[in-house]
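Peer 1: One structure, as structure tokens, below. Some questions next.
The values are calculated or read from the model by the stated rules, or taken from the named source; none is laboratory data. These numbers come from a predicted model, not from an experiment. In this analysis, Cβ positions are derived from the backbone assuming ideal geometry, glycine residues included, and neighbour counts consider all displayed protein chains. Accessible surface areas use protein heavy atoms only, side chains included; no ligands, DNA or RNA. Shrake-Rupley method; radii C 1.70, N 1.55, O 1.52, S 1.80 Å.
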Amino acid sequence: PGIPEMKIPLSQISRCEKVKVNLKEASGKISLDMLTPYPPGIPVVCPGEVISDDIVDYLLSILESGGTVNGLDGNGRISVVA
């Protein structure tokens, strides 16, 4: 996936209200977590960046092929700006 758009500076992330959503519902939302698929172990989303359709599809393909995504909770959810 391409480089995500930064919407909220990292210095302001801690002031944002959060909600947890399923990865499949995260497109268009602003992440409060870093999402790092393994393999390859390189972050694709950092806090404050917008999660795109391409990123969701990429992360789902990693999970479907047996990989993991650090930043998701045990139920496959991510914290995003409410």
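Peer 1: Which residue out of Gly67, Gly41, Gly74, Gly2 is at positive phi and not aliphatic (A, V, I, L, M)?
Peer 2: Gly41
Peer 1: Shifting gears a bit: Just the residues that are among the hydroxyl-bearing types (Ser, Thr, Tyr) and in a strand (DSSP E or B), please, taken from the stretch 1-45.
Peer 2: Ser31, Thr36, Tyr38
Peer 1: Restricting attention to the stretch 46-82, and to residues there that are in a loop (DSSP other than H, G, I, E, B) and polar (S, T, N, Q), which single residue is surrounded by the most Cβ atoms within 10 Å (Cβ to Cβ)?
Peer 2: Looking at the filtered set, the residue picked out is Ser52.
Peer 1: How many residues does the stretch 1-26 contain that are open to solvent by less than 40 Å² (accessible area, probe 1.4 Å) and touching a helix residue (DSSP H, G or I) at 6+ places or on another chain (Cβ under 7 Å)?
Peer 2: So the count comes out to 3.
Peer 1: Does any residue of the stretch 27-35 turn out to be of a type in the set (A, V, I, L, M, F, W, C) and open to solvent by 60 Å² or more (accessible area, probe 1.4 Å)?
Peer 2: So far as the stretch 27-35 goes, yes, one or more of its residues are of a type in the set (A, V, I, L, M, F, W, C) and open to solvent by 60 Å² or more (accessible area, probe 1.4 Å).
Peer 1: If a residue must be of a type in the set (A, V, I, L, M, F, W, C) and over 17 Å from Ala82 (Cβ atoms), how many such residues does the stretch 24-44 contain?
Peer 2: 4
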